[in-house]
Amino acid sequence: MDIATIVLSAGKGTRMNSEIPKVLHKVLGKEIILWSNEAIKNFENKFFVIGHQHELVKDYISNESQAIVQEEQLGTGHALSVVFNDESFLSKTYDYVLVIPGDVPLIQEEILNSLISKVVTSKASIGFVVSSVKESFGYGRVIIDKEDNVLKIVEEKDASNEEKKINLINSGIYCFGYEFIKNHIGQLSDVNEQKEFYLTDLIELGFNKKEKILVVESSEVSIMGINSMDQLHNLEREAREIIINMHIDNGVYFQDSSTAYIDDGVSIGSGTKILANTHLLGNTVVGENCTIGPNTMISDSDIGSRSKVLYSVVSESSTKEEVQIGPYAHLRPGSNLGSNVKVGAFAETKKSNIGDGSKVPHLAYVGDGEIEGNVNFSAGAITVNYDGENKNKTIIKEGAFIGSDVMLVAPVTIGEGAVI
Ligand code: UD1
Ligand code: MG
């Protein structure tokens, strides 16, 4: 069974009122287009239709997918017709074509698989995913007659007042017979309120040609589309809850999940406590039995098990187990702490390795430092790492004691067990 998967992501996203192309807005730290990529990661023959600011969007398309440019965005039907006129796409034929909108980030792989298998087993020409939603405004309404025949999809702007009351909506996820599209894509017209070629008109065309059409029902949250900042806001709230519930199921405690911001892809070990106002962002890994927060932001960092981080900011850094960070510490990129290290109040570190058992307990700056284990770096001590032109290294050997108010003018090396 050969299936081509086509993601439509060429639209401008006018309703977002933003300069950024719609599919590059982020949901829980990840661009919308990457969510689509994730949903289809196990599929082959992938094509992304890109258009508006395509030079920016193309960088987000995975290597095994192909980009097809829709120069002028004349509607979803037009986007599909561009694919069916593209030589690289036509160089192979398929049995079925899966079409998904690029602005529906929470699409689940399971729903795509169940749509495909239903279409294939019942030899339908068209199958698409629908959902009964509370607020149908903006979506295409699905018109089904008393005999359960799927007649057509009517877009919001073209719908009569009666049709607008329908709450069964089109998700924009379809599986078509390849031949069906090939034979009918040229028949779409743009005679409608938006003067666009609607992909959804293929349903009515199919019905008129007595083709077999079926629908698969999905939960509302997994087909929520993003067309406006308001929808982005609502979807992100739903997505946040899904992710936090997943961590809770894995044994993570949340003091107040309404103030926890956990990006997609963050990993948290069981037994860890996430206290109020904690942001765990990007590629962050937190070990087991840690206490993180309150009021902490950790991004792209790796925190070892049994560590405590409170009232602090940590970026692009890593720690071994049982470290104590904060209150009010700032670990800037490239800070790597060994086990049992303490970086305390009003201490800042940058691009430094701090060995096992070393302490920077308060009011200190460590930049470009190679600090071995069991070093005490007292209050008011700093590395003077920048001479106005170059950044220089400070090396402090095992067990050295750096007293209060010491300026270590780099490059400088302090020997093992030295007392300054
Ligand atoms: C579309 C459907 C609607 C459905 C909804 C689900 C049509 C006509 N309507 O409406 O029935 O309920 O999705 O979310 O299809 N795009 C292109 N090229 C274009 C136009 C759009 O690639 O010329 C892409 C967009 O980038 C977007 C997707 O197609 O990712 C859907 O387009 P959008 O304008 O968001 O359609 P909706 O109004 O949401
Ligand atoms: Mg949309």
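The values are calculated or read from the model by the stated rules, or taken from the named source; none is laboratory data. None of these values were measured; they are calculated from a predicted model. When we count neighbours, we look across all protein chains shown, and the Cβ atoms used for this are built from the backbone with ideal geometry, even at glycine. What goes into the accessible areas is simple: the full protein's heavy atoms, side chains included, and nothing from ligands, DNA or RNA. Shrake-Rupley method; radii C 1.70, N 1.55, O 1.52, S 1.80 Å.
Residue 127 is checked against (1) within 10 Å of ligand 1 (Cβ to nearest atom); (2) in contact (Cβ under 8 Å) with a residue 40 or more places away in the chain and fails just one. What number does that condition carry?
(1)
Does residue 132 satisfy being modelled with pLDDT of 95 or more, within 16 Å of ligand 1 (Cβ to nearest atom) and either of a type in the set (Ser, Thr, Tyr) or open to solvent by less than 60 Å² (accessible area, probe 1.4 Å) (or both)?
When the stated conditions are applied, residue 132 passes them.
Show the residue pairs meeting these rules: Cβ distance below 6 Å; 6+ apart or different chains; first residue within region 1-26 and open to solvent by 20 Å² or more (accessible area, probe 1.4 Å); second residue among the polar types (S, T, N, Q) and within 15 Å of ligand 2 (Cβ to nearest atom).
That search, which allows pairs on different chains as well, returns 8/76; 11/73; 15/227; 15/228.
Those residues that are open to solvent by less than 70 Å² (accessible area, probe 1.4 Å) and touching a Lys or Arg at 6+ places or on another chain (Cβ under 8 Å), I need them from region 179-199; list them, please.
184, 192, 194, listed by residue number.
Exactly one of (1) under 29 Å from the mean Cα position of the chain (by Cα); (2) surrounded by 20 or more Cβ atoms within 10 Å (Cβ to Cβ) is unmet by residue 394. Its number?
Of the numbered conditions (1) under 29 Å from the mean Cα position of the chain (by Cα); (2) surrounded by 20 or more Cβ atoms within 10 Å (Cβ to Cβ), the odd one out for residue 394 is (1).
Anything in region 141-173 that is more than 16 Å from ligand 1 (Cβ to nearest atom) and in contact with a strand residue (DSSP E or B) (Cβ under 7 Å, 6 or more places away or on another chain)? List them, or say none.
Selection gives 145 alone.
Which of the residues belonging to region 365-380 are touching a Gly at 6+ places or on another chain (Cβ under 7 Å) and open to solvent by less than 50 Å² (accessible area, probe 1.4 Å)?
371, 373, 375, 378, listed by residue number.
Across region 105-124, what is the total count of residues that are more than 14 Å from ligand 1 (Cβ to nearest atom) and touching a Phe, Trp or Tyr at 6+ places or on another chain (Cβ under 8 Å)?
Residues meeting the conditions: 5.
Looking at region 34-83, which of its residues are polar (S, T, N, Q) and either within 16 Å of ligand 2 (Cβ to nearest atom) or closer than 30 Å to residue 117 by Cα (or both)?
Scanning region 34-83 gives 36, 37, 42, 45, 62, 63, 65, 66, 70, 73, 76, 81.
Restricting attention to region 194-213, which residues are closer than 23 Å to residue 123 by Cβ and either in contact (Cβ under 8 Å) with a residue 40 or more places away in the chain or of a type in the set (Gly, Ala, Ser) (or both)?
199, 200, 201, 202, 203, 204, 206, 207, 211, 212, 213 - these are the residues of region 194-213 that are closer than 23 Å to residue 123 by Cβ and either in contact (Cβ under 8 Å) with a residue 40 or more places away in the chain or of a type in the set (Gly, Ala, Ser) (or both).
Within the group 102, 138, which residue is small (Gly, Ala, Ser), near ligand 1 (Cβ under 10 Å from one of its atoms) and over 19 Å from residue 176 (Cα atoms)?
The unique qualifying residue is 138.
Which residues, counting only those in region 1-60, are assigned to a loop (DSSP other than H, G, I, E, B), within 12 Å of ligand 1 (Cβ to nearest atom) and farther than 30 Å from residue 120 by Cα?
12, 13, 21, 25, 51, 52, 53
Under 6 Å by Cβ, and 6 or more places apart or on different chains, what pairs join a residue from region 176-193 that is over 14 Å from residue 2 (Cβ atoms) with one that is part of a loop (DSSP other than H, G, I, E, B)?
So the pair list comes out as 180/125; 185/84; 188/197; 190/196; 190/197.
Can residue 247 be described as more than 30 Å from residue 152 (Cβ to Cβ), assigned to a helix (DSSP H, G or I) and at pLDDT 95 or above?
yes
If I filter region 74-86 for residues that are open to solvent by less than 60 Å² (accessible area, probe 1.4 Å) and within 15 Å of residue 44 (Cβ to Cβ), do I get at least one hit?
No, the conditions are met nowhere in region 74-86.
Could you look through region 397-412, keep only residues that are over 18 Å from residue 338 (Cβ atoms) and among the β-branched types (Val, Ile, Thr), and pick out the one that is least open to solvent (accessible area, probe 1.4 Å)?
Restricting to residues being over 18 Å from residue 338 (Cβ atoms) and among the β-branched types (Val, Ile, Thr), the top hit is 406.
Checking residue 67 against (1) open to solvent by 20 Å² or more (accessible area, probe 1.4 Å); (2) more than 15 Å from ligand 1 (Cβ to nearest atom), only one condition comes out false. Which one?
Condition not satisfied by residue 67: (2).
Got a sec? Which of 228, 222 is at pLDDT 95 or above and buried (at least 16 other Cβ atoms within 10 Å of the Cβ)?
None of the other options fit; the residue is 228.
Which of (1) over 23 Å from residue 235 (Cα atoms); (2) more than 10 Å from ligand 1 (Cβ to nearest atom) is the odd one out, the single condition residue 74 does not satisfy?
(2)
If we keep just the residues of region 160-176 that are more than 16 Å from ligand 2 (Cβ to nearest atom) and within 18 Å of residue 130 (Cα to Cα), which is surrounded by the fewest Cβ atoms within 10 Å (Cβ to Cβ)?
For region 160-176, the residue satisfying everything is 165.
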